[in-house]
Structures are given as C-alpha cells and as structure tokens.
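Each remark here refers to the structure printed beneath this line.
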Amino acid sequence: MILNERDNRHAAILQAATAIMAAARTAPKGKGVDVIEITTVSGDDLLPIAAEMRNISEKTGFKFFLRDADNIEIADAVVFIGTTDHPHGLNCGQCGFAECGKRTAEVPCAINSIDVGIALGSACSKAADMRIDTRIMMSAGLAAQNLGLLGECRQVIALLLSVSSKNPFFDRKPKEQA
C-alpha cells in the first residue's frame, strides 16, 4: 500500500480534531460541573461562519473580522468551545457582582469563563502535541455563537486548525473595510 499524506490530509485533520475535542472535554471544570460544549466544523460548513464574520464587521466596523473570515475559509477545520450559563453559587465576586443572584443575565459567570479558558489550553496543548497549526479567535467564536452553532452557549471561542507547510493564520495583513 502507498499512502500519500496529501491524499489523507482531511481525514488526518478530523482525527486530530477528535483528539483535540477529547482534550478539551477532559480539562478540569469549576466545582466539577461540566457546562462546556465542543463542536468541530470543516469544509463548506465553515462558509456561513465566515459570512457571519463579514456581517459583524459591516455592523461594527471591526476590520479584523474581515481578515479572520478569510482565515476561516482556509482552515482545514475549526473547533468551537463554549459554555452554557451556569452560576456556581460561590458568591465569589469575580463577575463584578457580590452575589450570584444579583448578577445580570448579560454578565457571564467567571467560573464558566475560566472553564472555557482551561478547555482551550488543553485543546491547544493537544494540537501542539500533534504538530497541528492553530490560532485562537474570539471573532469566529462570536460568529458561531450568533449562528447558534453550539445551541445556547455563550463565550464561544474558535480554535482554527491547519495542516500545511506554513501556518496560514500568522503573518496576516490587516484588511480594509469593504
């Protein structure tokens, strides 16, 4: 049997994404409560996310969403990690409110935010172990959140994945607003 890497690249990235999602899932969670959701998107299913990023740029004037949308279109796959809203009842004040019950719906629980960060760290570490090129993007996460890709999740962050001779997510030039 002869197996050419170029012919197997898509299967390899999906296999890597599966391992990356497992690493994110097994990351420690606040009070042992798992409120993390993880999804991988690849191929043409990335196009609506890039389109939403361009819509966000048009509405907000944030040009980096345009540059990041181009990166979404060239990614081999994107892992999205987000959290459902689950206050832990610690009354820790990290969210800016002295008590969980006084926190407004727009303010995320700090413990949930930390859980997303730890899961991203585990995901990036696993990608590095496998020598997969990555880039973390809040812009793509916001687009996925707007599209409801992870249901009711908030604080969605994207981890772009690539297997190529050079990481396409770095050395990027700023985009001009269309």
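Tabulated results
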read-out: Flag if A144 is surrounded by 23 or more Cβ atoms within 10 Å (Cβ to Cβ) and assigned to a strand (DSSP E or B); value: no
read-out: The stretch 1-36, residues that are more than 23 Å from D133 (Cβ to Cβ) and buried (at least 18 other Cβ atoms within 10 Å of the Cβ); value: K29, G30, V35, I36
read-out: Top-ranked residue of the stretch 63-89 - restricted to ones that are open to solvent by 60 Å² or more (accessible area, probe 1.4 Å) and in contact (Cβ under 8 Å) with a residue 40 or more places away in the chain, ranked as farthest from S165 (Cα to Cα); value: H86
read-out: Residue within the stretch 153-175 that is of a type in the set (D, E, K, R), touching a residue at least 40 places away in the same chain (Cβ under 8 Å), open to solvent by 60 Å² or more (accessible area, probe 1.4 Å) and under 20 Å from A50 (Cα atoms) present; value: yes
read-out: Given (1) surrounded by 21 or more Cβ atoms within 10 Å (Cβ to Cβ); (2) assigned to a helix (DSSP H, G or I), index of the condition S125 fails; value: (1)
read-out: Test: residue in the stretch 54-73 that is within 27 Å of R9 (Cβ to Cβ) and either among the small types (G, A, S) or touching a Cys at 6+ places or on another chain (Cβ under 6 Å) (or both); value: yes
read-out: Test: N112 is assigned to a helix (DSSP H, G or I), open to solvent by less than 30 Å² (accessible area, probe 1.4 Å), touching a Leu at 6+ places or on another chain (Cβ under 7 Å) and closer than 19 Å to L142 by Cβ; value: no
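The values are calculated or read from the model by the stated rules, or taken from the named source; none is laboratory data. Just so it is clear, the structure is predicted and the values come from calculations on it, not from any experiment. Cβ sites come from the backbone with ideal geometry, for glycine too, and all protein chains shown count toward neighbours. These area figures cover heavy atoms from the full protein model, side chains too; ligands, DNA and RNA do not enter into them. Shrake-Rupley method; radii C 1.70, N 1.55, O 1.52, S 1.80 Å.
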